[in-house]
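No value in this document is a laboratory result; all are computed from the given coordinates. This structure is a prediction, so every number in the text was calculated from the model and none was measured. Neighbour counts run over all protein chains shown; Cβ positions are idealised from the backbone, glycine included.
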């Protein structure tokens, strides 16, 4: 389904209050509790038959050149030439981000992000960013990931991109995958955020059923004419350049490039307060991150 940036009588749009992520920090102050103009489309419940095996899976990209990637082929610590740890507290989340290898490491060909319930009652986790090491405008970004055993109540893993400069959301935000049982049930959420500043915040998103315990592929295709987010080669969201202001890539605001964020949050605005620590540690495994032009 193609979803234009303005509502039509053929699509059932729903306005909701902004409870979104960070609301997000970029390199500026986060916004909290703002009311936004929002177009949010509820996805279906059809289960994907996409291959769940780790080996031998195509990422579905044809006719483009691989420009950057992390295949996570070397066991041990995270590649510091590609990723930095980010320590911050946003969205009323309860986890404490750390730089510990117990919370983020590479094993068996995958990056592992692990939220751990500690004996002192705290929860530790990790948030990795490519800011200053890899940033992009336009192209195709592909990430293959899973959360073995599913996501427990309170969990909120995410794969997303954020503008590298300016007050949020003038640099734009692209949420390829967010999964929070407390917010979207058994669905993967995809959302685009834009606006001139945090009081002028708009977002457009959708959800789609996802068996998060199995390997899935999320893909962002971004050009000057439109932005598409897909799950297992099935389009979730298409956002077209129908209006120079409304289309994120053509806002004429700060022109920030996007950097990648991989994190496992717990609690907060979408994770919720009903955190089932009996099912921790909770993990997200990432097979690869690839960028094509």
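Here are the numbers for the structure shown:
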quantity	calculated
Shape of region 186-225, Cα gyration tensor, a/c cut at 1.5	oblate
Mean separation of Cα contacts under 8 Å (6+ apart) over length of region 37-292, as relative contact order %	30 percent
Rounded if a/c under 1.5, otherwise prolate or oblate - region 133-173, Cα gyration tensor axes	oblate
Distance from region 83-128 to region 154-233 (C-alpha centre basis), Å	20 Å
Rounded, prolate or oblate (a/c below 1.5 giving rounded, otherwise prolate when a/b exceeds b/c) for region 37-292 by Cα gyration tensor	rounded
Virtual spin-label span in nm between residue 197 and residue 240, 7 Å along Cα→Cβ	3.3 nm
Point-to-point label distance, residue 101-residue 77, nm (Cα→Cβ direction, 7 Å offset)	0.7 nm
Estimated distance in nm for a label pair at residue 133 and residue 85, the labels positioned 7 Å out from Cα along Cα-to-Cβ	1.2 nm
Mean Cα-pair separation over length for region 45-185, i.e. relative contact order, pairs under 8 Å, 6 or more apart, %	17 percent
